[in-house]
Amino acid sequence: MNTKIGICSDHAGWEYKAGLIKYLEGKGYEVVNFGTDGPESMDYPDVAHPMADAIEKGELDCGIALCGTGNGMAITLNHHRGIRAGLAWGTAIAALVKQHNNANVLVMPARFISYRMAVSCVRTWLQTPFEGGRHQRRIDKIPV
Ligand code: RB5
């Protein structure tokens with residue numbers, strides 16, 4: 001079965017999101033777009049929470065989120081028990097956020113990285129496996 005990926009952004013990330021949807025669909029992924037789809041100012045929790053809910057319900061395998069800094073999205077998404085949202089701005093950290101943290105949402109700061117870098121981060125994160133072992137033990141200790 002195809003990997004089903006949710007994607008969301010605020011107004012700071014919508015153009016990168018539009019490009020990433022085309023990129024991912026071109027690679028054969030099924031993509032569910034939670035918005036926003038234009039430059040009008042909006043509030044990132046309005047798209048982050050619905051995407052997180054869908055991942056927690058098992059309707060999606062994972063997600064991608066973009067805002068200006070990435071922090072609003074990461075902070076919002078990590079309020080959900082079933083979400084491990086990790087911020088990446090380069091390929092090394094995009095790999096590590098999967099290898100060590102098993103992030104099920106990749107968050108990127110659209111105002112601080114190029115579109116090409118966003119594509120590279122997404123490709124790296126999707127292709128990198130979780131290492132498990134001691135990292136699973138640490139993840140198991142996260143919930144409060
Ligand atoms: C929007 O101006 C900006 O605050 C938002 O994209 C994000 O960086 C918030 O964390």
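The values are calculated or read from the model by the stated rules, or taken from the named source; none is laboratory data. All of these numbers come straight from a predicted model, not from anything done at the bench. Because the Cβ atoms are built from the backbone with ideal geometry, glycine has one as well, and the counts that use them run over all protein chains shown. Side chains are part of the model used for accessible areas, which takes the heavy atoms of the whole protein and leaves out ligands, DNA and RNA. Shrake-Rupley method; radii C 1.70, N 1.55, O 1.52, S 1.80 Å.
In the range 92-110, what residues are polar (S, T, N, Q), open to solvent by less than 70 Å² (accessible area, probe 1.4 Å) and on the phi < 0 side of the Ramachandran plot? Steps first, answer last, please.
Residues of the range 92-110 polar (S, T, N, Q): 99, 101-102, 104.
Of the ones still in play, those that are also open to solvent by less than 70 Å² (accessible area, probe 1.4 Å) are 99, 102, 104.
Residues satisfying the conditions are Gln99, Asn104.
In contact with a strand residue (DSSP E or B) (Cβ under 7 Å, 6 or more places away or on another chain), open to solvent by 50 Å² or more (accessible area, probe 1.4 Å) and at pLDDT below 95: does that describe Asn2? Write out each step before concluding.
Numbers: in contact with a strand residue (DSSP E or B) (Cβ under 7 Å, 6 or more places away or on another chain): yes; open to solvent by 50 Å² or more (accessible area, probe 1.4 Å): yes; at pLDDT below 95: yes.
It is true that Asn2 is in contact with a strand residue (DSSP E or B) (Cβ under 7 Å, 6 or more places away or on another chain), open to solvent by 50 Å² or more (accessible area, probe 1.4 Å) and at pLDDT below 95.
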* Structure fact -> Note: among Gly19, Gly63, Gly35, Gly26, just one is closer than 20 Å to Tyr115 by Cα, more than 16 Å from the ligand (Cβ to nearest atom) and open to solvent by less than 10 Å² (accessible area, probe 1.4 Å), namely Gly63
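From the residues in the range 51-63 that are assigned to a helix (DSSP H, G or I) and charged (D, E, K, R), which one is farthest from Gly13 (Cα to Cα)? If you could, list the steps in order and put the result at the bottom.
So the first thing to find is which residues in the range 51-63 are assigned to a helix (DSSP H, G or I), and the list is 51-56.
With charged (D, E, K, R) added as a condition, the list becomes 53, 56.
Working: Asp53: 21, Glu56: 23 Å.
Among them, the one singled out is Glu56.
Filter the range 73-82 down to residues that are within 16 Å of the ligand (Cβ to nearest atom) and not hydroxyl-bearing (Ser, Thr, Tyr) and give me whichever is most open to solvent (accessible area, probe 1.4 Å). Break it down stepwise before answering.
Applying the first criterion (within 16 Å of the ligand (Cβ to nearest atom)) to the range 73-82 yields 73-79.
Subsequent filtering for residues that are not hydroxyl-bearing (Ser, Thr, Tyr) retains 73-75, 77-79.
On the way: Met73: 0, Ala74: 13, Ile75: 110, Leu77: 1, Asn78: 74, His79: 148 Å².
Filtering the range 73-82 for residues that are within 16 Å of the ligand (Cβ to nearest atom) and not hydroxyl-bearing (Ser, Thr, Tyr), the one most open to solvent (accessible area, probe 1.4 Å) comes out as His79.
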* Could you look through the range 111-140, keep only residues that are away from the ligand (no atom under 16 Å from the Cβ) and basic (Lys, Arg), and pick out the one that is least open to solvent (accessible area, probe 1.4 Å)? => Arg123
* Asked: Is it the case that some residue within the range 68-80 is in contact (Cβ under 8 Å) with a residue 60 or more places away in the chain and under 12 Å from the mean Cα position of the chain (by Cα)?
  -> yes
* Structure fact -> Filtering the range 38-51 for residues that are surrounded by 15 or more Cβ atoms within 10 Å (Cβ to Cβ) and free of Cβ contacts under 8 Å to residues at least 12 places away in the same chain leaves a count of 0
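Inside the range 1-16, can you point out the residues that are more than 11 Å from the ligand (Cβ to nearest atom) and either under 24 Å from His80 (Cα atoms) or polar (S, T, N, Q) (or both)?
Taking the range 1-16 first, the residues more than 11 Å from the ligand (Cβ to nearest atom) are 1-8, 15-16.
Listed by number, the residues that qualify are Asn2, Thr3, Lys4, Ile5, Gly6, Ile7, Cys8.
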